[in-house]
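*Asks:* Supplied in structure tokens, the structure appears directly below.
The values are calculated or read from the model by the stated rules, or taken from the named source; none is laboratory data. Computed from a prediction, not measured in an experiment: that's the story for all the values here. Here the Cβ positions follow ideal geometry from the backbone for every residue, glycine too, while neighbour counts run over all protein chains shown. Side chains are part of the model used for accessible areas, which takes the heavy atoms of the whole protein and leaves out ligands, DNA and RNA. Shrake-Rupley method; radii C 1.70, N 1.55, O 1.52, S 1.80 Å.
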Amino acid sequence: MSWKGFKKGIVRAPQTFRSKFNIGEITRDPIYEDAGRRFKSLEAETKKLSDDSRKYTDAVNGMLNHQYEFAQACIELYKPISGRASDPESYENEGNAAGIEAAEAYKKAVVEVKAELASELDVIEARIVKPAQALITVIRAVDKLLVKRDHKQLDYDRHRSSLKKLQEKKDRSLKDEKHLYQAETAFEQASQEYEYYNDLLKEELPRLFELETEFIAPLFRALYFMQLNIFWTLYEKMNVCDIAYFNLNTDIVEEFEAKRGDVQARTEALTITHFKTAKPIRKLGAPGSSSSPKNSNDSSRPVYPSTDSSKPAYNSSSKATEAAMDSMSAGVEAPPSYSIVSSSSSPSFTANAPPSTASSAAFGTPPAYVDASPIQHAPAAAAVPPPPPPVPAKPAVPRAEIVTALYDYTAQAPGDLSFQAGDRIEIVSRTNNQNEWWIGRLNGAEGNFPGNYVQL
């Protein structure tokens with residue numbers, strides 16, 4: 001804005017404020033206001049036409065670029081390498097050779113299509129984008145004229161208000177008469193300028209609207225036919241693209257299902273795809289976990305003979321064995337004698353004398369032992385034979401293992417078990433890792449559930 005324009009803006013500021021808030025006498029022209037609204041709509045839609053036509057060419061180029069990059073990504077995903085980095089000879093290429101070949105052929109076809117469509121996109125640039133920009137240039141020039149007309153209206157209303165005040169003043173001095181003359185001259189000039197711009201716009205804006213319709217019609221027609229050329233080129237090139245990997249004789253959905261198979265179900269069966277880091281993970285060996293030691297009186301554990309030589313091994317759960325041993329010890333002879341080898345520092349007992357023939361025949365040679373106790377033991381009154389093997393206990397029916405739900409869980413796949421926090425679930429099958437899926441039963445329903453959602 002020039003300095004002259006800035007000073008005019010300061011002078012017009014009071015009238016601009018009154019016009020904005022509809023204070024005082026404001027000039028209204030319904031015909032011009034209607035034409036002005038239509039012009040603003042024309043300006044906005046022309047800008048949109050220019051932007052959308054350019055975006056269309058960018059979108060076609062972007063589509064081809066994304067097709068190329070999609071094929072490149074498929075190539076990288078089709079050739080995974082497995083093995084140890086420390087041993088390059090262990091690498092095994094487990095990729096899809098047919099898929100890689102198809103992706104390479106697809107990339108080549110996309111490059112050819114992009115090269116052939118370049119000329120069509122240049123035509124869109126020349127016949128649609130540039131003419132739309134030329135129309136925008138015209139509209140901007142007209143918009144400046146509308147702004148100038150609005151400024152002239154402000155001057156017209158401002159001078160009319162000043163003139164009216166001086167005319168309504170009853171006792172005018174010589175100075176007031178001079179000001180009245182100047183106000184009449186300024187008002188006359190402002191009136192002529194306002195009427196000139198206002199009449200000019202009211203006359204030529206409708207003609208501009210008619211020309212705009214004729215201007216847009218060929219652009220729309222050109223875009224339509226160029227779209228047909230683009231789509232036909234895409235169809236023709238892709239249709240003759242001979243890639244054996246794609247079966248064009250089957251239904252698209254059927255081909256998709258055949259290619260996919262059960263890969264989604266097998267992927268969802270992996271534990272890591274359902275791992276939840278937001279829930280607490282119980283450490284192995286913690287109280288209540290599956291790896292904590294069982295109670296010592298568990299009937300399901302086997303009973304082993306005692307290693308203490310001073311007492312026989314009993315099955316703590318069998319009373320019949322103890323009664324049988326008492327009855328057998330009544331008619332048994334005394335065990336063979338043992339000589340005592342004493343030491344000045346620590347006396348001990350060692351079996352030096354061989355047992356009697358009768359005793360050996362009946363019970364075999366008893367093992368030698370060393371008694372570290374300083375107290376001398378008297379020989380036993382009667383020999384006790386080795387106890388018979390304990391009667392094997394009947395296999396106890398394992399008790400159903402019950403766990404308590406710590407959190408709510410809603411089934412996320414067929415075969416899952418839903419429950420709420422506090423529910424008691426009967427374990428059907430589980431592992432020793434709480435970060436895996438277990439099988440349980442609740443209210444007659446059986447299914448899978450995450451082990452870290454319950455407490456043993």
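*Asks:* I want the local charge near TRP232. Using Cβ-Cβ distances under 14 Å, sum +1 for each Lys or Arg and -1 for each Asp or Glu among the other residues.
*Replies:* Working: positive: LYS237; negative: GLU116, GLU120, GLU236.
Local charge sum for TRP232: -2.
*Asks:* What is the gain in length, in nm to one decimal, between ARG172 and LEU145 on full extension, counting 0.36 nm per residue of separation less the C-alpha to C-alpha distance?
*Replies:* Values: separation 27, 0.36 × 27 = 9.72 nm, distance 3.93 nm.
Between ARG172 and LEU145, full extension yields an extra 5.8 nm.
*Asks:* Could you give the size of the charge dipole of the stretch 402-455 about its Cα centre, using +1 on the Cβ of each K and R and -1 on the Cβ of each D and E, expressed in debye and rounded to the nearest 20?
*Replies:* Numbers: 3 positive and 6 negative charges, 22 e Å.
It comes to approximately 100 debye.
*Asks:* Excluding PHE209 itself, what net charge comes from residues whose Cβ is under 14 Å from its Cβ, given Lys and Arg +1 and Asp and Glu -1? Please report the intermediate quantities before stating the final value.
*Replies:* Numbers: positive: ARG37, ARG38, LYS40, LYS202, ARG207; negative: ASP34, GLU43, GLU45, GLU203, GLU204, GLU210, GLU212, GLU214.
My count for the surroundings of PHE209 gives -3.
*Asks:* How much of the accessible area of the stretch 1-76, in percent, comes from carbon and sulfur atoms when a 1.4 Å probe is used?
*Replies:* Taking all protein chains in place, the stretch 1-76 shows 60 percent carbon and sulfur surface.
*Asks:* Write down the accessible area per residue of the stretch 402-455 in Å², having rolled a 1.4 Å probe over the full set of protein chains. Kindly include the intermediate steps, with their values, before the conclusion.
*Replies:* Working: 2730 Å² over 54 residues.
Per residue, the stretch 402-455 has an accessible area of 51 Å².
*Asks:* Something else about it: Cα gyration tensor of the stretch 107-178, axes a ≥ b ≥ c as square roots of the eigenvalues: rounded (a/c below 1.5), prolate (a/b > b/c) or oblate?
*Replies:* Details: a/c = 10.66, a/b = 7.71, b/c = 1.38.
Prolate, since a/c reaches 1.5 and a/b exceeds b/c.
*Asks:* Let me ask something additional. Accessible area of the stretch 402-455 with a 1.4 Å probe: how many percent of it is carbon plus sulfur? Walk me through the numbers on the way to the answer.
*Replies:* Details: 1120 of 2730 Å².
After summing per-atom areas, the C and S share lands at 41 percent.
*Asks:* Okay, moving on. In Å and on Cα atoms, what radius of gyration and Dmax does the stretch 402-455 show?
*Replies:* 9.6, 25
*Asks:* Now, a different point. Which links in LYS48/LYS148; LYS48/LYS152; LYS48/LYS130; LYS79/LYS259; LYS20/LYS144; LYS48/LYS114 stretch past 23 Å when you go from one Cα to the other? Provide the component values of the computation, followed by the final result.
*Replies:* Values: LYS48/LYS148 25 Å; LYS48/LYS152 30 Å; LYS48/LYS130 13 Å; LYS79/LYS259 17 Å; LYS20/LYS144 20 Å; LYS48/LYS114 26 Å.
From LYS48/LYS148; LYS48/LYS152; LYS48/LYS130; LYS79/LYS259; LYS20/LYS144; LYS48/LYS114, over 23 Å: LYS48/LYS148; LYS48/LYS152; LYS48/LYS114.
*Asks:* Among residues other than GLY440 whose Cβ falls under 14 Å from its Cβ, what is the net charge (Lys/Arg +1, Asp/Glu -1)? Kindly include the intermediate steps, with their values, before the conclusion.
*Replies:* Details: positive: ARG424, ARG430, ARG441; negative: GLU401, ASP416, ASP423, GLU426, GLU436, GLU446.
Its environment carries a net charge of -3.
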